[in-house]
Structures are given as C-alpha cells and as structure tokens.
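Any read-out appearing in this document is the output of simple, stated calculations on the displayed coordinates, not a laboratory observation. What you see is a predicted model; the values in this text were computed from it and never measured. Cβ atoms come from the backbone with ideal geometry, glycine included; neighbour counts cover every protein chain shown.
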Ligand SMILES: Cc1cc2nc3c(=O)[nH]c(=O)nc-3n(C[C@H](O)[C@H](O)[C@H](O)COP(=O)(O)OP(=O)(O)OC[C@H]3O[C@@H](n4cnc5c(N)ncnc54)[C@H](O)[C@@H]3O)c2cc1C
C-alpha cells in the first residue's frame with residue numbers, strides 16, 4: 001500500500017538497509033519494517049494516514065545522532081527518513097527569521113546564514129551532521145546555551161503532521177506571539193512522539209564580532225566550582241563556560257596530544273562581542289579565576305589557539321572511548337542538569353560513585369549553565385559491567401535529584417533515561433499523547449512509555 005501511495009522510489013526495505021536504520025548514536029538497536037524517504041509534507045500526510053489506519057508505529061529520523069535511543073524503532077514499524085526534505089526555503093534578515101525543511105543540517109544552515117552575518121546559535125556538538133527537525137524534537141543545545149539558550153528559544157513557528165494524517169501550521173513568523181497556546185513549543189522535546197515536523201520558522205541573530213578564550217587550571221574541583229560561581233556573580237555572561245575533570249583532561253592529552261594542564265579540573269571560558277569589550281571581560285575573568293585559587297590562567301584572542309583549545313574540549317567524547325583499553329564510553333546518564341552552584345558537589349559525588357563500583361566515569365560539560373556530561377567506561381561485552389552500569393546510572397540520578405537537578409539538559413530521554421523521568425510530568429504527558437495520538441503510533445515505547453530495564457536491545461554483541 002505504501003509503494004502505491006508514496007512511490008516505490010521512496011521506499012527502502014532490504015535487510016541491509018533496515019539493519020542500518022535500526023541504529024542511532026545510543027546503546028540500542030532494533031529493526032524497522034520499512035523505511036520511507038518523503039520528499040514533501042503531502043507524502044508524510046499519506047504515510048501517517050496509512051500508519052494510523054493500520055496502527056503501525058512511525059518513527060521520524062533526522063541524522064540519527066540521538067544518544068538515548070530516540071530514533072531507534074523499538075516497536076518496529078515505519079522509519080520516516082527526513083534527509084531528503086532539506087531545503088532552506090527563506091532567509092528573511094529584515095524579519096530575523098529563516099524558514100527551513102526539517103532535514104536541513106544545522107551546520108549547513110549556519111554556513112548560509114553566515115553570508116548575511118547571522119546565525120542560529122544552539123551549536124550542539126553534532127552540529128555538522130544533525131538536522132533542524134532532530135534538534136527541535138530533542139530541544140538540542142550546546143556550549144553557547146549559557147548566553148544564547150537552547151533550540152526552543154528560537155522556534156517561532158512549525159508545520160507538523162499529526163494522526164490521523166492532517167497538517168497544521170503552528171505559531172507564526174513574528175518575533176512575538178501571545179495568540180493562544182504555544183503549541184509549536186509542545187513539539188520541542190517531543191522526540192517524534194506527537195507529530196512529524198515538516199517545516200520550521202527559526203529566529204536568527206547577528207554573529208558576534210569577535211571572541212576571546214581563557215583557560216584556568218585548578219587543584220580542586222571545589223575551587224573550579226567557585227570560579228564558575230564568581231564569574232557569574234560578577235555579572236559577566238560568557239558565551240561558553242566549560243569544565244573538564246582529570247579523567248577527561250588525561251584522556252584528551254593521551255589521544256590528541258593537546259597538552260592540557262593535568263590538574264584536578266580546568267575551566268575554558270569564552271567571551272564574545274565587540275573587540276574592546278571582550279578584551280576587558282577576558283582580563284576580568286582571568287582575575288576572578290586567580291582570586292578563586294586558580295593555579296594558572298592563560299588567555300588568547302588568536303583564532304588558531306582558540307580553535308586548538310576547543311578541539312581539546314570537543315575531543316573529550318572520542319578520547320574517552322579510546323582511553324580505557326577494552327572499555328568504551330557508553331551513552332548513559334550523559335547530560336544531566338543541576339543548579340550551577342551544585343556543580344562541584346555533583347562532580348565529587350560522581351567520582352565517589354565511580355570509586356564505589358570500580359567503573360571509570362569522566363565528567364565534563366557546560367559548567368556555566370549547570371549541564372554536565374558524564375561518560376561511563378565499560379567493557380560492552382561484559383554482562384556484569386552492564387549490570388553495574390545500570391546501578392551507577394541509578395545512583396547518579398539520585399544525586400542529581402537530591403541536588404535539585406533534572407535527568408536531561410540536552411540530549412533527551414528516549415529509552416536510556418526513561419525510568420528516571422519526573423513522575424508528575426509523566427501523567428500529563430500521557431494525557432497529551434493520548435489526545436494527539438490515540439492509537440499510539442508516533443514513536444511508541446519512548447519516554448514515559450518505556451517500562452523496565454534500560455539495558456535492552458543493545459547494539460553491542
Ligand atoms: C557526537 C555527538 C555529539 C552530540 N552533541 C550534542 C550536543 O552538544 N547537544 C545536544 O543537544 N545534543 C547532542 N547530541 C545529540 C543529538 O545529536 C542531538 O539531539 C540532535 O539534535 C539530534 O538530531 P538528529 O537530526 O540526529 O535527530 P535524530 O537522532 O534522527 O532524531 C532525534 C529525535 O528527533 C525526532 N525527529 C527527528 N526529526 C523529526 C521530525 N522532522 N519531526 C518530528 N520528530 C523528529 C526523532 O524521532 C527522534 O526522536 C550529540 C550526538 C552525538 C552523536
């Protein structure tokens with residue numbers, strides 16, 4: 001039926017193709033029944049109608065870089081590969097917005113916008129490959145969220161298809177809108193469980209003139225945390241404020257030979273804006289770090305040196321995977337958010353959990369907005385280590401909640417974080433889901449619907 005309605009050329013069904021569409025960047029894998037590559041909103045309307053009529057799961061897929069299993073078809077069904085819907089439809093500088101199809105790659109959009117001196121700021125680490133649709137559906141963000149916020153702060157309007165197969169225009173193209181429910185925002189972070197985004201109107205802003213970066217090294221995590229709090233308290237809003245613990249520093253040095261100082265913790269602090277302003281602010285930041293017991297502070301405005309520092313920070317994830325011999329870094333408990341002042345407590349508690357279970361945990365992340373990344377290193381062929389990892393995750397989230405934090409600040413829930421979602425949210429989310437998707441076809445089994453262990457459908461043999 002799909003072939004007749006959508007066209008044979010838009011359908012993939014060989015075993016090899018289905019196998020490769022069973023992955024995202026998480027620990028999970030499951031085979032879909034078929035892959036559809038829509039070219040238009042009309043195609044999607046038809047697919048949703050068929051899926052609704054026959055109660056078949058339907059899973060939207062951007063670039064498949066989700067880290068918690070959001071794009072894995074855990075209940076089988078139809079994968080909607082949005083990659084071919086990749087047109088930048090409009091760039092309206094005078095109105096501060098652009099209109100794009102959901103398959104547009106984040107980095108490609110920013111290359112286009114840069115020609116006008118503008119950008120769309122969220123900057124996830126996967127920005128060179130991830131799609132705007134995937135970013136909206138997971139509310140992605142990155143190192144610059146401290147100053148510029150997350151994807152949700154830039155979604156002005158959306159077009160989306162909901163069961164039983166109808167397209168709606170949500171929100172607007174205006175910067176302000178108080179005209180009823182902000183339904184476009186409901187799709188932000190919905191992970192494909194409500195509707196399929198077919199077009200997005202995104203707010204854009206001018207690129208900063210210049211950047212400067214300081215690197216401060218500390219002998220204790222506590223002092224690094226104090227440094228963060230003191231910078232924020234001084235009223236300086238950096239464009240990035242990153243922390244790396246010793247495990248991460250050593251992993252990067254070992255695999256990338258960057259020569260980061262091998263201390264307990266480093267802060268990498270970036271300030272952007274007008275040249276005169278940032279020079280003053282970076283010097284003030286350096287001074288604040290010294291007063292917070294930084295052992296050493298260096299700073300630079302040189303593009304190449306800054307790029308090198310950021311290369312080290314961005315290299316944490318691949319470096320950790322190479323760090324521990326047969327141990328690899330698995331995406332579990334990987335992006336919790338805690339109040340900024342609680343960062344040292346969180347990192348210290350994670351180190352204690354690491355010792356208790358004899359499992360290596362590297363911690364780094366966006367200290368300036370309270371969003372931490374932990375990477376758990378295990379031997380993926382050892383059942384015992386997976387069991388331990390699940391206990392580690394549980395203990396990590398207990399600490400996160402005790403400190404007033406939340407499970408995911410960036411990557412979303414999918415399967416791997418589902419059991420630790422806030423209970424009150426779950427009840428209301430289920431009511432919204434039932435109202436918009438009564439046959440539960442939209443990415444079923446995810447978020448509040450995942451019950452049981454997260455060590456499931458593993459991609460590793
Ligand atoms: C190396 C690496 C670094 C990363 N760094 C970051 C980071 O810094 N910050 C961050 O936030 N995330 C990060 N991520 C996670 C991930 O890249 C982001 O969440 C990204 O936005 C997902 O985009 P995608 O196109 O790959 O979506 P996918 O993985 O394909 O899908 C993600 C979710 O969005 C849904 N979806 C996709 N398209 C649509 C659509 N059109 N309509 C409705 N639902 C849709 C899918 O069903 C799924 O639930 C990283 C991942 C990797 C592998």
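Is it possible to state the helix-based mean residue ellipticity at 222 nm for the chain, with each DSSP H run of 4+ residues giving -39500 (n - 2.57), the sum divided by total residues, to the nearest 500 deg cm²/dmol? What is it?
Using -39500 (n - 2.57) per qualifying helix, the result is -10000 deg cm²/dmol.
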Span from the region 394-461 Cα centroid across to the region 272-337 one, whole angstrom: 31 Å
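I need the semi-axes of the equivalent ellipsoid of region 1-207: take the C-alpha gyration tensor, multiply each eigenvalue by 5, square-root it, list largest first in whole angstrom. Could the numbers behind the result be given before it?
Working: eigenvalues 161, 70, 45 Å².
Working through the eigenvalues yields semi-axes of 28, 19, 15 Å.
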For residue 116 and residue 460, calculate 0.36 nm times their separation in residues minus their Cα-Cα distance, and state this gained length in nm to one decimal. 119.4 nm
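For region 210-315, what is Rg from Cα atoms divided by 2.2 N^0.38 Å, rounded to two decimals? Don't skip to the end; give the middle numbers.
Numbers: Rg = 12.8 Å, N = 106, 2.2 N^0.38 = 12.9 Å.
The value comes to 0.99.
Convex hull over the alpha-carbon atoms of region 348-403: what's its volume per residue in Å³?
Values: hull volume 4.1 nm³, N = 56.
Looking at region 348-403, the number lands at 73 Å³ per residue.
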Expressed to two decimals, region 87-221 has a Cα Rg over Rh, using the Kirkwood radius, of 1.02
Taking Cα atoms, the helix 221-233 axis meets the longest principal axis of the chain at an angle in degrees (rounded to 10) of 80 degrees
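Over region 210-315, calculate the relative contact order: mean separation of alpha carbon pairs under 8 Å at least 6 apart, over the residue count, as a percent. Can you show the working numbers first?
Details: 177 pairs, mean separation 48.9, N = 106.
Result for region 210-315 is 46 percent.
By counting other Cβ atoms within 10 Å of each Cβ, how are 274, 433 ranked from fewest to most? Mind showing how you got there, number by number?
Values: 274 10, 433 20.
By the 10 Å Cβ count, ascending, the order reads 274, 433.
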Would you mind calculating the relative contact order of the chain from Cα pairs under 8 angstrom and at least 6 residues apart, reporting the percent as a whole number? 16 percent
Dividing the surface of the Cα convex hull of region 252-370 by four yields a projected area in nm² of 8.5 nm²
For region 23-116: relative contact order, % (alpha-carbon pairs under 8 angstrom, 6 or more apart): 31 percent
Rounded tilt (10° steps) of 275-291 against the dominant C-alpha axis of the chain: 60 degrees
More than 17 Å apart - percent of Cα-Cα pairs taken over region 91-157: 35 percent
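Using packing as a proxy for protection, rank 26-33, 380-387 so that the peptide with the highest average count of other Cβ atoms within 10 Å comes first. The partial results should precede the final answer.
Working: 26-33: 21.2, 380-387: 13.8.
Ranked by mean Cβ neighbours within 10 Å, highest first: 26-33, 380-387.
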Rounded to 10°, Cα long-axis angle of helix 41-53 versus longest principal axis of the chain: 70 degrees
Could you sort the peptides 330-342, 174-186 by per-residue average Cβ neighbour count (10 Å cutoff), highest mean leading? 330-342, 174-186
Neighbour counts of other C-beta atoms within 10 Å: give me 23, 350, 119 arranged from fewest to most. 23, 119, 350
Just need log10 I(q)/I(0) for the chain at q = 0.10 Å⁻¹, Debye formula, equal scatterers on the alpha-carbon atoms, no solvent, rounded to two decimals. -0.74
In nm, give the distance between the simple-model label positions of residue 14 and residue 229, each being 7 Å from the Cα along the Cα-to-Cβ direction. 5.9 nm
When the Cα centres of region 134-167 and region 1-76 are compared, how far apart do they sit, in Å? 21 Å
